[in-house]
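Working notes, beginning with the structure itself.
Every number in this text was worked out from the coordinates using simple rules, so none of it is lab data. Small disclaimer: the values here were computed from a predicted structure and weren't measured. Here Cβ is always computed from backbone atoms with ideal geometry, including for glycine, and neighbour counts include all displayed protein chains.
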Amino acid sequence: MAKLFEPLTLGDLTLSNRIVIAPMCQYSAQDGAMTDWHAIHLGQLALSGAALLTIEASAVTPEGRITYGDVGLYDDATEAAMGKVLETLRRWSDMPIAIQLAHAGRKASTAKPWDGGAQIAPDAPNGWQTLSASDLPFQAGENAPVALDSPGLARIRVAFAEAAHRAARLGIDAVQIHAAHGYLLHQFLSPLSNTRTDEYGGSLENRMRFPLEVFDAVRAAFPAEKPVTVRVSGTDWAEGGWDIEQTVAFAKALEAHGASAIHVSSGGNAVQQQIPVGPSYQVPLGRAVKEAVAIPVVTVGLITEPEQAEAIIATGEADLVAIARTVLYDPRWPWHAAAALGATIKVAPQYLRSQPRRVKDLFV
């Protein structure tokens, strides 16, 4: 059997293969609430044959949204809207569903990407005051964030925990905490964005403190038998920033705190980043983390070919591969990967007759 199609267990959650769908923001919510678009978007992905579907970055507070069109899970209205979408998905798919809980920090209050993505001023429509580890704007000329004080840190810890409670009530199978891509928890980790002089700044131990506190709050709020994972940026790709050695230390700490898996991405915290983009460009970062921890590691980034994904798993560079834009472009990518690698894959009975004659016994 192709290694890509071997099962994997996280806690009480068994994944049917090693392909997971990464969270992808759609910027199509209304006041944080999911819409019909999310039922269409997630519905097609729930029929893709992947092992796990992750709901896009879902803000734990209104000001934690990247844009005013972002999904949230911070009040009864956003919970009810998400519940309606999940009800539709579960009616037709038994694919496990995870959610990424997030706070954008200083990268919040922006326009939607197709409207330019620029920061929206606090006093402008659809804008608000941003928060961060320190009062350093992401880009020169932007409105500076407010550095979080002790009560503010406590509010955000509680907000992550309450969102995890809501996720549990919705029957979501796993939680991923977003500590990557220059968002709030990454802002605490990186010395480029964290210049604090208290117990949350300075040393690596201090910069990891708040993200670990958030992890502990979520882990305590979510059912013990269900996985809580963390997405990290393996490096800032910028001099003097967060790097793979610090990522490995953070991964070890997360494992000690009870993390079920680490998802290794990169970048997003520095406008001066220099990313060597190419096929599998982030896989070495995942491999470095995998060599340091015993829990599963997820890798991501320009993984587009079945043989490429198979090689990553078969050579032990990662335990799971995450696909995002690849599966947006080809929502049946796991089917095609199974066909290319001689594996079988479960599909909805409505689609069984679509199996090509040249691929025998592809569907189950």
Within the chain, what is the number of lysine pairs with alpha carbons under 30 Å apart, leaving out pairs fewer than eight places apart on the same chain? 18
So how tilted is helix 204-221 from the main axis of the chain? Cα-based, degrees 0 to 90, rounded to 10. 60 degrees
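Compute the signed sum of charges (Lys and Arg +1, Asp and Glu -1) over the other residues within less than 9 Å, Cβ to Cβ, of residue 57.
Taking every other residue near residue 57 into account, the sum is -1.
Within a Cβ distance under 15 Å of residue 226, other residues only, what is the Lys/Arg minus Asp/Glu net charge? Before the final figure, lay out the partial values.
On the way: positive: 166, 169, 219; negative: 12, 173, 225.
Once all neighbours under 15 Å are counted, the net charge is 0.
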Within a 10 angstrom radius of the beta carbon, how do 361, 135 rank from fewest other beta carbons to most? 361, 135
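What are the equivalent ellipsoid semi-axes of segment 91-200, built from the alpha-carbon gyration tensor (square roots of five times its eigenvalues), in whole angstrom, biggest first? All intermediate terms of the calculation are to be shown ahead of the outcome.
Working: eigenvalues 150, 73, 32 Å².
In descending order, the three semi-axes are 27, 19, 13 Å.
Percent relative contact order of the chain, based on C-alpha pairs within less than 8 angstrom and at least six residues apart?
Values: 815 pairs, mean separation 58.5, N = 364.
Result for the chain is 16 percent.
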Using the count of nearby Cβ atoms within 10 Å as a rough guide to exposure, how do 333, 114, 242, 37 rank from fewest to most? 114, 37, 333, 242
Taking θ as phi - 60°, what are the ³J(HN,Hα) couplings along segment 78-90 by the Karplus curve (6.51, -1.76, 1.60), each to the nearest whole Hz, with x for Gly and Pro? 5, 5, 5, 5, 5, x, 5, 5, 4, 4, 5, 4, 6
Once both axes come from the Cα atoms, what is the angle between helix 244-257 and the longest principal axis of the chain, in degrees from 0 to 90, rounded to 10? 80 degrees
Residue farthest toward the positive end of the dipole of the chain, with Cβ of Lys/Arg at +1 and Asp/Glu at -1: which of 40, 257, 194? 40
Any idea what angle helix 150-169 forms with the longest principal axis of the chain, computed on alpha-carbon atoms, 0 to 90 degrees, nearest 10? 20 degrees
Using a Förster distance of 25 angstrom, determine the FRET efficiency expected from the C-beta separation of residue 249 and residue 154, and round it to 0.05. 0.50
Asserting the computed 222 nm helical MRE of the chain (DSSP H runs at least 4 long, -39500 (n - 2.57) per run, divided by residue count, to nearest 500) equals -10000 deg cm²/dmol
Point-charge dipole on Cβ atoms (K/R +1, D/E -1) for segment 3-354, about Cα centre, debye to 20: 640 debye
Please report how far the C-alpha centroid of segment 50-104 lies from that of segment 227-267, rounded to the nearest whole angstrom. 23 Å
